[in-house]
Amino acid sequence: MTKVAVLKSGDGPRPPDRARCFVHFAGRLLGADPSAPAPPAEDADGGDDEDPTGGMGRVGRVFMDTRAEGSDPKTIVAGKRDVEREKGLFLAVQHMRPGECATFRVSPEYAYGSEGSFSFPHVPGGRWVEYDIELLAVDEDEGPEGMLFEERLAAAAERRAAGNERFQAGDYAGAVDLYTRALGFVTEDLVVEVQQLSDRHLDQALDVKCPVHLNIAACCLKLDSRDALHEAVRHCSEVLKYRGDSPKALFRRGTARLRLGQSQAAIEDLSRAQGLAPGDRAIGSELARARREARETERAGAGMFKGKFAGKGLGFEYSRRPEDDELKPLYGAGAGGGDGGRDSGGGAAGTSGGGIEELARDIRERAVRDKAGKQAVGGVEVGWVGALWQSVAAGAASVAKLFSSSAGAPPREGAGAGDR
């Protein structure tokens with residue numbers, strides 16, 4: 001096992017043996033020989049994937065990505081060796097510090113062995129793998145294994161309270177660390193289990209789990225980096241998955257989306273939040289800001305096409321410009337030359353040129369005939385774009401007919417290439 005690169009530095013002591021580590025990771029499939037080129041990336045359907053590494057520039061099929069699955073951080077016991085596969089993953093975290101993100105290259109005996117894995121994740125036997133691991137938090141206390149349901153809830157609440165103290169002190173990264181530890185006791189698996197028991201147990205679990213997700217989102221909004229804002233969106237979405245009428249989750253997700261430049265999505269979230277909490281001034285203020293930014297973005301986009309396209313959708317309005325009156329006839333000059341080529345140049349060139357000029361004139365006339373953008377074509381009222389395509393189709397048919405009717409006739413004097 002080799003530590004290939006440190007993608008982001010961490011801080012604090014390395015996890016001791018048997019400590020519970022909360023991580024997100026992505027695994028990529030390499031070849032049987034790590035020095036040889038990696039196998040081509042493939043998606044789940046077997047086709048090529050342009051960039052399965054999220055822009056990190058490395059190749060190899062991604063066989064597992066905990067962030068892409070939208071799940072909570074995975075819990076890994078540092079230094080655990082009594083496992084049949086992925087032993088390298090458990091050993092790698094011992095060489096990291098909290099907050100660090102690093103890449104590890106792992107040999108087959110510390111990955112999936114000579115037999116591989118035929119279920120999920122699917123990994124052929126005898127293959128090297130690479131892991132991008134982010135160590136989010138470390139908890140040296142006793143884990144949830146063997147705990148009763150009530151004990152797990154109490155342990156999560158205790159860590160949440162400690163995280164609240166860090167938050168009040170302005171240590172947002174430290175608060176995230178403790179909140180993440182709290183989620184290790186109210187995992188997704190626990191929620192699924194108690195869901196089978198009773199609504200009362202489910203409500204008790206969610207009463208602990210959802211506020212922790214919301215607190216992490218609040219920390220991420222304070223940290224205000226792009227990655228942190230995406231995390232805020234993810235944690236709020238986790239809450240809305242169970243409690244879709246949470247105004248706090250909608251408000252914080254809408255705020256994060258607005259800062260990410262997703263003004264329309266932000267307006268949807270904030271409008272729903274305002275409907276659930278109409279008297280909340282913070283929601284109203286953020287919604288007004290989102291609508292203002294959406295209008296400014298729309299005006300900026302309209303300014304880019306001013307004089308060309310206006311309005312919404314495909315209902316374009318035509319603004320006539322002085323140069324439109326000076327458009328040259330679109331036909332080829334024949335032996336007659338100049339404007340006379342259309343009538344006296346004769347031959348296929350002159351005839352087809354007249355058809356094209358007629359097409360161009362027809363399009364211009366249709367464009368300015370009704371500035372409201374509605375015309376009757378074939379007895380049916382259509383928009384300007386529809387009328388334009390009707391003109392193109394009709395004109396093209398006329399030109400094709402003129403070409404076909406004159407194709408067999410011998411060229412008249414002056415229609416040859418020598419007069420050009």
key: Other-chain or far-sequence residues with amide H under 5 Å of Met64's (modelled H)   = Gly27
message = Sorting check: for 118-124, 151-157, which peptide has the highest mean count of neighbouring beta carbons within 10 Å, and how do the rest follow?
response = 151-157, 118-124
key: Overall Cα dimensions of the stretch 157-254, principal axis frame, Å, largest first   = 39, 28, 19
inquiry  = Need the C-alpha centroid separation for the stretch 190-240 versus the stretch 252-284, integer Å.
reply    = 18
note = In nanometres, the difference between 0.36 nm per residue of separation and the alpha-carbon distance of Glu109 and Glu165 is 15.8 nm
ask   = At Asp203 and Val83, where each label point lies 7 Å from the Cα along Cα→Cβ, what is the point-to-point distance in nanometres?
value = 3.8
message = For a quick check: sort Arg272, Arg67 by the number of other beta carbons within 10 angstrom, fewest at the front.
response = Arg67, Arg272
key: the stretch 247-280 residues near the modelled Arg67 label - backbone nitrogen below 11 Å, point 7 Å along Cα→Cβ   = none
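Bear in mind these aren't lab numbers, they're just calculated from the coordinates by the rules spelled out. Nothing here was measured: the structure is a model prediction, and the numbers come from that model. Virtual Cβ from ideal backbone geometry, glycine too; neighbours counted across all protein chains shown.
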